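To start, the structure under review is shown below, and the notes come after it.
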Amino acid sequence: MKLKPENILTTDQNVLFKKILITGSDHSLISHVTEFIVNKYKKNNFFIDLSGETNNGSVGDLFSDKKVLFLLKDFSSKKETLKEINNSEHFYLISAPNNTKINLIKKDFQKSKDALCVDCYALNRAGKETVLRYFIQKKNLKVSNDVFWYIVENFENEYVLLNKQLEILSFLNTEISSVRDVEKAVSVENKIEVSKIFFYILKNNKYLINVFSKNIYSQSDFYFFLNSLKLYLGIISSSVNKEDALSKFPKYLFNEKDVFIKIYNYLDKKKILKIYKNILRVEGLIRKNSGLYHVVGLRFLINTKKIIIS
């Protein structure tokens, strides 16, 4: 069975599986989910074996009712070891970032009815909505529609960082209706500008280079820009006309409506497809050469402008 980490953390799902694998690329989320699930076992009177070794002869302690959960940070993918776990009466939780051995274990676990796999990556839009709705309900907050979508589009995609931002926000008030108040409370000013670079795309190249250089300071900033570009292109490509596109356009960006419509008028399916292909190419280049994000990103921005106005 597979479950998304945000669904585990925001619901009362049963996670007492015989075998659990928590993996992915978001290290902080892996640790957070691991701690969350281990606490579930503790509440059900399990003894948590932190030795990092498996021991079928373990009987736990006086308070564990002979129920043992082995918490493993590393694991052998040998068939004999997997067979030992599958035949054991004990429970196993393997918590480690993606690697070759983990991928082999994952295949075995996904075939098993008594196993759970949790992949921990940066949250997508739907995941952020899930986390935000849960947080609002838990804290009994009233959040305006504009503020809700502003948070989804501008707050961090990493679960742990997103929750820290939301905790800061919860100190504001029980009713949050102003985007400006959110901006003041949580430091996202730089990323707001990054998400708006798209709306400068029709400016001259010198102006574009200046805007890009003043706002893109890291690889994560560039990825944030790419994600915002995908958002706006997605709105345009999925809209049947200008009115439809405007109805999907984020309300807090009311100052950018006119520019958005100008860009909409320039674009067609052929141009949008060409930009998407360039996005995939750029993402691949930066994965291989992360230090080139600024040079590659700048070329991509100028090239995107050429495609739009051609």
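The values are calculated or read from the model by the stated rules, or taken from the named source; none is laboratory data. Only a predicted model underlies this, so the values are computations on that prediction, with no experimental measurement involved. When we count neighbours, we look across all protein chains shown, and the Cβ atoms used for this are built from the backbone with ideal geometry, even at glycine.
Here are Lys271, Lys288, Lys251: which of them is farther than 27 Å from Phe155 by Cβ, among the charged types (D, E, K, R) and touching a residue at least 12 places away in the same chain (Cβ under 8 Å)? Walk me through it before giving the result.
Values: Lys288 fails: touching a residue at least 12 places away in the same chain (Cβ under 8 Å); Lys251 fails: farther than 27 Å from Phe155 by Cβ.
Criteria check complete, one pass: Lys271.
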Would you mind telling me which numbered condition in (1) within 25 Å of Ala126 (Cβ to Cβ); (2) without any contact (Cβ under 8 Å) to a residue 60 or more places away in the chain Glu256 fails? (2)
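Looking at Phe155, is it among the aromatic types (Phe, Trp, Tyr) and in contact with a Leu (Cβ under 6 Å, 6 or more places away or on another chain)? Before the answer, list the steps.
On the way: among the aromatic types (Phe, Trp, Tyr): yes; in contact with a Leu (Cβ under 6 Å, 6 or more places away or on another chain): yes.
Yes: the conditions hold for Phe155.
Quick grid of which residues meet (1) in contact (Cβ under 8 Å) with a residue 12 or more places away in the chain; (2) farther than 24 Å from Ile197 by Cβ; (3) crowded, with 16+ Cβ neighbours inside 10 Å; (4) outside the structural domain of Thr34 (by TED's automatic domain parsing):
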residue	(1), (2), (3), (4)
Glu153	yes, no, yes, yes
Val160	yes, yes, no, yes
Asn173	no, yes, no, yes
Val179	yes, no, yes, yes
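I'd like the full set of residues that are assigned to a helix (DSSP H, G or I) and of a type in the set (Phe, Trp, Tyr), limited to the stretch 208-253. Before the answer, list the steps.
Going through the stretch 208-253, the residues assigned to a helix (DSSP H, G or I) turn out to be 208-215, 219-237, 242-248, 251-253.
Hits for the stretch 208-253 are Phe212, Phe222, Tyr223, Phe224, Phe225, Tyr232, Tyr252.
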Does Leu280 qualify as being surrounded by fewer than 11 Cβ atoms within 10 Å (Cβ to Cβ) and part of a helix (DSSP H, G or I)? yes
What single numbered condition from (1) assigned by TED's automatic domain parsing to the domain that holds Leu280; (2) under 30 Å from Thr10 (Cα atoms) fails to hold for Asn215? (2)
Determine if the stretch 213-222 includes at least one residue that is more than 23 Å from the chain's Cα centre (by Cα), modelled with pLDDT under 90 and over 23 Å from Val182 (Cβ atoms). yes
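Evaluate the following for Asp114: is it modelled with pLDDT of 85 or more and surrounded by 14 or more Cβ atoms within 10 Å (Cβ to Cβ)?
Values: modelled with pLDDT of 85 or more: yes; surrounded by 14 or more Cβ atoms within 10 Å (Cβ to Cβ): no.
Against the criterion (modelled with pLDDT of 85 or more and surrounded by 14 or more Cβ atoms within 10 Å (Cβ to Cβ)), Asp114 does not qualify.
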